[in-house]
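The structure under discussion appears below in the form of structure tokens.
The values are calculated or read from the model by the stated rules, or taken from the named source; none is laboratory data. Everything numeric here is computed off the predicted structure, so don't read it as measured data. Note: ideal-geometry Cβ built from the backbone for every residue, glycine included; neighbour counts use all protein chains shown.
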Amino acid sequence: MLTAKERLELAMMQPTAELLTQVGSSPRGLSPEQVEVNRETYGENVITKANQASLWQKIYESIINPFTVILLIIALVSLVTNVILAEPGEQDPTTPIIILVLVMVSGAIRFFQELKSDQAASNLSSLIVNTATVIRDGQESEVPIDELVVGDLVKLSAGDMLPADVLLLESRDFFVQQSSLTGESDSVEKKAYALPDPSQANKSPLEAEQLVFMGSNVVSGSATALVLVTGNHTLIGRIEKTLNTYDEPTSFEKEMNSISWLLIRLMLVLVPVVFVVNGLTDSDWLEAGVFALSVAVGLTPEMLPMIITASLAKGSVIMAKEKVVIKKLNAIQDLGAIDILCTDKTGTLTQDEIILEYPLDIHAQLDLGVLKVAYLNSYFQTGLKNLLDRAIIGRTEKEALEHEDLRDLASRYKKIDELPFDFERRRMSVIVQEGSQVRMVTKGALEEMLSISNYVQDDGQIIALTDEIRADVLEAMSNLNDQGLRVLGVCYKNYDNPHHAFTVQDESDMILMGYLAFLDPPKPSAAPAIQALREHGVATKILT
């Protein structure tokens, strides 16, 4: 069996048909039986985390820190002086026992609280299922990413994360961002080759145009790809194995360590001085040792670890009641010290239920013709429908109950081609045909729609897009934005007899038909939460 590295290198030199045969696949994808064979042969698509702490390591980390080390040393010295070296009848193990009990109880509270939080986090993680669009036995379906196997055919589109290391079989304006692997933030174009390309022969797999790796994400375009490497054998999986994960100490831990080292330095100075002075004065060195130990005990706040752990544990319990999982107790202090909170918008501050409020013409009047054209774009596009597409399709189906012209649109039109969405153009186009008429339908950011349009549709008439009309449209968009509505433009262009492959250059000289206004209602709890944060001196920044 070829290694993962060998499969990647051969993929750059072998015809696609041969490669499909080697992994037991075909243009129709894997059969259910072959899926199980390949899973047994090549393994699961799961990356095991490097350096996960064992149970004993977690116990050790819960008990041992610079402060408890001081206490344990004091307990040991106290055991020697008060028990081992003490005269019969004068032995007193109280001090070492109390110190050991305090250390162990403090460690136990921390250990069980963090163990409980880890289990809660694991349960939450198990509820999050990332999926990929896969072709098996000629049928497209959504499967969890960890169920992918070598030989699967996957469909990729803008916004997707790469589920494995793959070879592109088909691609269209396909760009990926692979900064997690290379550190470069620029998008990289990837393309499929039906036959080996000599120009790719001397490149490393990471530089090869037809190979894309787990950890990358699709910026634009669409593609069909063959899974070559999965799980720990992927490039990012191998990188994970070589890394020694190290948890950066929190500011709270740094302060505690600083106090501990201050106490250690004081003891290193004062205890020897007290011991020597007492020994020289009274000539009783054992008594001097006991007194020096008493000074060390007096310098050390033995209850501090217990107080800190109990306080943090109480905070963790309170946070748990608010449905917040605290995996590391020391993180509570850092959470309380934040002054800027960065948050997502959709689904966090809003209800994540996009509603198409208004399909509007260029005069901001309701126009179901705009809805009809937008439906064609949303329905026929490749890949999963986003929330905006679902809102358009849902509104169209609702209106179709009362308007016959909106019924059976999918059966009346045939998809010819598609220009996928990307984050630079901020638009996507679908080319459809009804009878002999071919039409390109484009939707996207309204500013982009205005930049590619030379005409507008005004009450069924096609007229030139003037500066005055442009200003009116932008003003209407601004008013809608002020109401909390998101605006997308819709434009189109008709073709009589197109005889060429469509490209992004065709998105020009178009007719602006109108725009769509969407509402993502805010959660009732959003405003009070932001106000409460402001009152506590925390600024809120929305990342969207």
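If you check Ala529, Ala476 for being out of contact with any strand residue (DSSP E or B) (no Cβ under 8 Å at 6 or more places or on another chain), closer than 30 Å to Glu353 by Cα and surrounded by 12 or more Cβ atoms within 10 Å (Cβ to Cβ), only one passes: Ala529.
Okay, residues lined up against (1) closer than 27 Å to Glu140 by Cβ; (2) in contact with an Asp or Glu (Cβ under 6 Å, 6 or more places away or on another chain):
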| site | (1), (2) |
| --- | --- |
| Lys345 | no, no |
| Ile354 | yes, yes |
| Asp361 | no, yes |
| Leu366 | no, no |
| Tyr375 | yes, no |
| Phe380 | yes, no |
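The residues on offer are Ala464, Ala471, and the sole one that is modelled with pLDDT of 90 or more, of a type in the set (A, V, I, L, M, F, W, C), within 29 Å of Asp520 (Cβ to Cβ) and surrounded by fewer than 16 Cβ atoms within 10 Å (Cβ to Cβ) is Ala471.
If you check Val430, Val456, Val438, Val473 for being touching a Leu at 6+ places or on another chain (Cβ under 6 Å) and either in the same structural domain as Val373 (by TED's automatic domain parsing) or not in a strand (DSSP E or B) (or both), only one passes: Val456. Out of Leu71, Leu85, one residue alone is touching a Leu at 6+ places or on another chain (Cβ under 8 Å), of a type outside the set (S, T, N, Q) and modelled with pLDDT of 80 or more. It is Leu71.
Going by what's in this entry, would Pro272 be described as surrounded by fewer than 17 Cβ atoms within 10 Å (Cβ to Cβ) and either part of a helix (DSSP H, G or I) or in contact (Cβ under 8 Å) with a residue 40 or more places away in the chain (or both)? Judged against the criteria, Pro272 is a match.
Just a yes or no: is a residue in the stretch 383-406 assigned by TED's automatic domain parsing to the domain that holds Ser478, more than 22 Å from Val487 (Cβ to Cβ), under 32 Å from the mean Cα position of the chain (by Cα) and not hydroxyl-bearing (Ser, Thr, Tyr)? Checking the stretch 383-406: at least one residue is assigned by TED's automatic domain parsing to the domain that holds Ser478, more than 22 Å from Val487 (Cβ to Cβ), under 32 Å from the mean Cα position of the chain (by Cα) and not hydroxyl-bearing (Ser, Thr, Tyr). Residue count for the stretch 315-326 under the criterion of being under 15 Å from Phe111 (Cα atoms) and exposed (fewer than 13 other Cβ atoms within 10 Å of the Cβ): the result is 1. When Gly289 is tested against (1) surrounded by fewer than 17 Cβ atoms within 10 Å (Cβ to Cβ); (2) under 24 Å from Pro96 (Cβ atoms), exactly one condition is not met: (1).
Taken over the stretch 429-450, residues that are at pLDDT below 90 and not hydroxyl-bearing (Ser, Thr, Tyr) amount to 3.
Test Tyr42 against the criterion of being aromatic (Phe, Trp, Tyr) and surrounded by 15 or more Cβ atoms within 10 Å (Cβ to Cβ), and give yes or no. Yes, satisfied. For the stretch 322-330, the criterion of being on the phi < 0 side of the Ramachandran plot and part of a helix (DSSP H, G or I) is satisfied by no residue at all. The residues listed here are Leu181, Leu169; of these, the one that is outside the structural domain of Leu329 (by TED's automatic domain parsing), part of a strand (DSSP E or B) and either at pLDDT below 85 or on the phi < 0 side of the Ramachandran plot (or both) is Leu169.
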